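Chemist: Let me begin by handing over the structure; questions about it come next.
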Amino acid sequence: MEAYLDNSATTRCFPQVAALMARVLTEDYGNPSSMHQKGVDGERYVRRAREIIAGNLKVQEKELYFTSGGTESDNLAIIGCALANHRSGKHLITSSVEHPAVLRAMEHLKELGFSVTYLPVGGDGRVRVTDLEAALQPDTILVSVMHVNNEIGAVQPIGEIGALLKAQDHPILFHVDAVQSYGKYRIYPKRLGIDLLSASGHKLHGPKGVGFLYVRDKVKIKPLVFGGGQQGGLRSGTENVPGIAGLGAAVEECYRELEEKMDRLYELRQLFCERVEELEGVTVNGLQGRESAPHVVSVSFAGVRSEVLLHALEERGIYVSAGSACSSNHPAVSATLKGIGVRKELLDSTLRFSFSVDTTREELSYTLQVLGELLPVLRRFTRH
């Protein structure tokens with residue numbers, strides 16, 4: 001049996017998404033900038049995807065820009081806004097548990113003379129709004145906080161953050177990395193005070209290599225990619241029509257009967273958490289129930305290295321991710337796991353299990369069975 005439980009890394013395309021992309025690649029393959037009928041057909045797919053996503057977010061279609069994925073969207077939002085607004089200030093705020101696409105962008109801006117404040121998280125994995133308020137400065141121009149943490153599923157208080165920033169006496173832009181949450185939550189940027197929002201297709205059963213950035217109208221932002229002036233000049237380059245079409249179709253399917261899908265995911269998550277903690281020396285990290293995201297579970301296994309357990313599970317057809325990035329050549333410890341107070345000896349003994357609408361009870365039962373068989377064996381091996 002195979003159990004794919006690494007959906008926070010990537011998801012399988014919905015069949016209708018793959019079929020639509022195949023048609024665009026082989027039949028309606030025109031360049032959307034071309035003036036002939038093939039080009040018009042290509043532009044129609046781009047327009048339809050924009051319409052779907054704008055309706056879903058309750059924003060204007062002109063506020064959406066298609067990118068190559070979450071990393072580009074994060075970079076464009078952070079670097080593009082910092083460069084466009086530097087005369088108003090050079091102070092940026094983010095959290096210590098962001099995705100590298102955000103943290104590396106911040107590091108780049110520090111090299112250009114910007115200053116960055118990194119907020120810690122509490123034992124629940126969340127940023128404290130009081131810490132953010134205390135970190136605000138007269139020259140703060142941008143705050144970037146992810147919606148759902150990709151390692152433990154912690155849900156950040158983005159509504160509270162948005163309200164706080166909008167109450168300040170000088171404008172502060174709010175960017176949200178929604179790569180792990182879009183497709184699982186109904187997100188309305190204008191209600192939440194979000195100025196910029198990043199999302200990625202392959203996290204929600206769409207294709208890899210495509211995503212979008214929502215940019216609230218009138219927000220000053222500079223392009224990072226220059227060329228033919230497509231997408232209002234903010235993101236030049238021929239649009240990835242098959243990818244964009246697939247992204248739109250995936251969004252449409254994800255949000256069809258969303259609440260029912262998420263209820264089922266929460267049931268599966270609860271079942272898995274309860275049963276995995278029955279195993280000796282096993283701890284689930286982070287919050288439980290509806291206070292956490294429905295699809296991410298971080299689990300520590302005392303006495304077993306995460307890399308060893310990961311490959312042992314792989315040999316049995318079970319696919320998961322390590323909870324911390326560990327390599328003999330470039331050791332690194334998860335800032336998220338450290339931030340929530342995971343014991344030192346468990347930092348390299350943590351795996352992430354992540355679910356999707358395709359995940360079944362049978363897959364979870366099989367995984368729990370295999371874990372029950374492997375853990376005693378691997379622990380004996382480790383002791384010797």
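Chemist: Over all pairs of distinct alpha carbons, what does the Kirkwood formula give as the hydrodynamic radius of the range 113-248, in Å?
Modeler: Computed over the range 113-248, the radius equals 16.4 Å.
Chemist: For Val102, what charge total do you get from the other residues with a beta carbon under 11 Å from its beta carbon, if Lys and Arg give +1 and Asp and Glu give -1?
Modeler: Result for the local shell: -3.
Chemist: Right, here's the next one. Picking from Asn7, Val377, Asn31, whose Cα lies most toward the positive end of the charge dipole for the chain (charges on Cβ: Lys, Arg +1; Asp, Glu -1)?
Modeler: So the residue furthest toward the plus end is Asn31.
Chemist: Let me ask you something else. If the only charges are +1 at each Lys and Arg Cβ and -1 at each Asp and Glu Cβ, what is the size of the charge dipole of the chain around the Cα centre, to the nearest 20 debye?
Modeler: Approximately 760 debye in magnitude.
Chemist: Looking at the chain, identify the longest residue range that excludes and avoids all chymotrypsin sites (Phe, Trp or Tyr not before Pro) in DSSP loops having at most 13 other Cβ atoms within 10 Å.
Modeler: So the longest stretch without any such site is 30-225.
Chemist: Do the sum for the chain: with -39,500 (n - 2.57) for every DSSP H run of n ≥ 4, divided by all residues, what is the mean residue ellipticity at 222 nm, to the nearest 500 deg cm²/dmol?
Modeler: Roughly -12500 deg cm²/dmol at 222 nm, from the helical runs in the chain.
Chemist: Give me the net charge of Gly162's neighbourhood, meaning all other residues with Cβ under 12 Å from the Cβ of Gly162; Lys, Arg count +1, Asp, Glu -1.
Modeler: Local net charge: +2.
Chemist: Provide the gained length on full extension for the span Lys338 to Arg128, in nm with one decimal, where the gain is 0.36 nm per separating residue minus the Cα-Cα distance.
Modeler: 74.0 nm
Chemist: Among all stretches of the chain without exposed trypsin sites (Lys or Arg not before Pro) (DSSP loop, at most 11 other Cβ atoms within 10 Å), which one is longest?
Modeler: The longest uninterrupted stretch comes out as 1-217.
Chemist: Taking 0.36 nm per intervening residue step and subtracting the Cα-Cα distance, what contour gain separates Lys190 from Glu274 on full extension?
Modeler: Additional length available on full extension: 26.5 nm.
Chemist: May I pose another question? If contacts are Cα pairs under 8 angstrom and at least 6 residues apart, what is the relative contact order of the range 7-56 in percent?
Modeler: Relative contact order for the range 7-56 comes out at 20 percent.
Chemist: Could you let me know the centre-to-centre spacing of the range 120-144 and the range 5-83, using Cα atoms, in angstrom?
Modeler: If you average the Cα positions of each part, the centres end up 32 Å apart.
Chemist: Report, by chain and number, residues whose modeled amide H sits under 5 Å from the one on Leu173, excluding near sequence neighbours (fewer than 5 apart, same chain).
Modeler: Counting only residues 5 or more places away or on other chains, the set is Leu142, Val143.
Chemist: When the expected Rg is taken as 2.2 N^0.38 Å, what fraction or multiple of it is the alpha-carbon Rg of the range 237-311?
Modeler: Against the compact-globule rule of thumb, the ratio is 1.57.
Chemist: When the chain is fully extended, how far beyond the present Cα-Cα distance does Asp169 get from Glu2, taking 0.36 nm per residue of separation?
Modeler: The span from Asp169 to Glu2 would gain 54.6 nm if fully extended.
Chemist: While we're on this one: Cα atoms only: what Rg and Dmax, in Å, come out for the range 148-228?
Modeler: 14.1, 42
Chemist: Take the residue pairs Lys62/Lys184; Lys90/Lys344; Lys90/Lys166 and return only those whose Cα atoms are more than 29 Å apart.
Modeler: Correct reply: Lys90/Lys344.
Chemist: Out of (1) 19.7; (2) 32.3; (3) 17.6, which label holds the value of mean projected area of the Cα convex hull in nm² that was computed here?
Modeler: Answer label, from the structure shown: (1).
Chemist: Once phi is turned into θ = phi - 60°, what whole-Hz ³J(HN,Hα) does the Karplus curve with 6.51, -1.76 and 1.60 give for every residue of the range 22-38, x standing for Gly and Pro?
Modeler: Result, ordered by residue: 4, 5, 5, 5, 10, 10, 9, 9, x, 6, x, 8, 6, 8, 7, 4, 4 Hz.
Chemist: Convert each backbone phi in the range 79-95 into a coupling constant with the Karplus relation 6.51 cos²θ - 1.76 cosθ + 1.60 (shift: θ = phi - 60°), then list the ³J(HN,Hα) values in order as whole Hz, x for Gly and Pro.
Modeler: 6, x, 6, 4, 5, 6, 10, 5, 5, 8, x, 10, 10, 10, 10, 8, 9
Chemist: Using modelled backbone amide H atoms (1.01 Å from N, in-plane), which distant-in-sequence or interchain residues come within less than 5 Å of Gly153's amide H?
Modeler: When sequence neighbours closer than 5 places are left aside, there are no close amide H contacts.
Chemist: Using label points projected 7 Å from each Cα along Cα→Cβ, tell me how many nm separate Glu314 and Thr360, to one decimal.
Modeler: 2.4
Laboratory data are not the source of any read-out in this text; all were calculated from the coordinates shown. Because the structure is a prediction, the values reported are computed rather than measured. No Cβ is skipped: glycine too gets one built from the backbone with ideal geometry, and neighbour counts run over all protein chains shown.
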